[in-house]
Structures are given as structure tokens and as C-alpha cells.
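The block underneath contains the structure these notes are about, expressed in C-alpha cells.
Readers should treat all values here as calculations from the given coordinates under stated rules, not as data from a laboratory. This one's a predicted model, so the numbers in the text were calculated from it and none came from an experiment. When we count neighbours, we look across all protein chains shown, and the Cβ atoms used for this are built from the backbone with ideal geometry, even at glycine.
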Amino acid sequence: MALVTFQVLDGLEMGHVFADLPTPINIGREDDNHIRLNDERVSRFHAKIQEDAGRIILTDLDSTNGTRVNGHPIRMRVLQIGDQVLIGRCLLLYGSVEQIAKRTSELAAIDPPIASGPVDSETKSSPDLQDSIDGEPELPGELFPNGAPTLPSDLNLGQAADLSEVLNFIHSRLLRLLLIAQQHGGTSRKLQAAYMSVPPAAWMQLSQLEADMAKYLRALSDPKDG
């Protein structure tokens, strides 16, 4: 029996984490589902997740509006860590924070970022720029090695609302970028429809960042005890 985790990126359950659920798992609008999504576009029993020989398999249960993985409609799909599952208006990220981080490191090791496009003579004359183009870019170290910082605990209602507005703005822009990338090549290393492709490791980091933003927004909107 496998344990799976989904982080909700968008939808009414945005920011919720369905953590370590044992398979099999039902997803749908009814209360009897293990993952209940409050959305009229979600069927009563929309999809099922099962484990077979170590693989996690998502199956659409002939839902009215279908299921998409990384922007593509599917009937059955073997899920990979970092896959984005769209059910109704609800966008779910498959994998925990730890699983996403591990997969990001693996992808970065086997598929380092590359520069695309021609290199002009002026660029060639700069050793620093050329080194960045020939190999991995010289990026700064991780600013938050221990993960996302916690929200301040002493915000009044107005401050919480102001911070929520800022986070909502960033969240909506990130979500739009992710959806555009899905429609125009996703993690492909080719240029499609004049859109720049997204390296797999960067895609994984963007997905987790969107999940972190969703959790912040959920925490800000939840009523405080007492």
C-alpha cells in the first residue's frame, strides 16, 4: 500500500495538503471521497488513484469534464512526482515538499540549464558570459535552505488583508505562467510556438513555489482560534 500526497495549487481548497493518503484513493465532489473537491465541475466520483507494482496510476472515472495532467486530457496515467492534475477548477500538485525537492535535485543533476539562441560576437568576447552559456549559470546559493519562512503571527485584520492581496497577485501571475508553459511546450527542451521552454528542474521549483503561495493564502484566510 503506497502513501501519496497532493498539494492544492488552485481552487476552493487552495493551500490544502492531502498528505500521506493510503491507496486506493477516490477523488470527487461527494463526501465519501478521500479527496473531496468543492467544485460543480468536479463529478461526484471523478477519478481514482491506485498503486500497482510500485507505480501510482490515476484513472478518470468517465467524469463529465475530464481530467488533465500537465495540461493534457487523460483517461489513465502513471503519475510522476511534480505532475499537475487539473480536476474541474482544482489544480493539484502530486508530491510532498520533500519529494518535490528531491526530484528537483535529481533533474538538475541530469539536465542542467542550457542557454538557447545564437551567441553573437560581443557575447563571445566576454569570458564570464561565455562560461555561463557553456555550462551551468552562476546562480546564487539558496537563500532559504530550510524551506519557506513562516507568516508573522501578530498581524491585525487589515495587515493580513494587505498581505493577502500581495500574495494573491503573485499567486495569480505564477499560475498563469505555469498554465501558459503547459500549453506551449511545458518542460520540453525545444522552442514551440515561439515560447521558451522550461527546464524540468525549474518547472518543479515553480510548481512548489506556487504550492507555498497557496498555503500562505490559506493560512491568512483561516479564522484564528480564540
| said: Kirkwood hydrodynamic radius, region 3-100, all distinct C-alpha pairs: what's the number in Å? | reply: 13.0
| Assigning unit charges at the beta carbon (Lys, Arg +1; Asp, Glu -1) and nothing else, what dipole magnitude in debye, to the nearest 20, does region 56-115 show about its Cα centre? | 120
| Which of Pro22, Leu86, Thr5 sits farthest toward the positive end of the charge dipole of region 3-100, with +1 on the Cβ of Lys and Arg and -1 on the Cβ of Asp and Glu? | Leu86
| task | Using the 2.2 N^0.38 Å rule of thumb for compact globular proteins, work out how region 12-66 stacks up: its C-alpha Rg over that value, please. | result | 1.13
| said: Per-residue counts of other Cβ atoms within 10 Å, averaged by peptide: what ranking do you get for 154-161, 86-93, highest first? | reply: 86-93, 154-161
| query | Considering only the other residues whose Cβ falls under 14 Å of the Cβ of Leu179, what net charge follows from Lys and Arg at +1 and Asp and Glu at -1? | reply | +2
| Normalised by the number of residues in region 3-100, what is the relative contact order in percent for Cα pairs under 8 Å and 6+ residues apart? | 27
| said: If packing is taken as the average number of other Cβ atoms within 10 Å across a peptide's residues, how do 26-34, 71-79 rank, most packed first? | reply: 26-34, 71-79
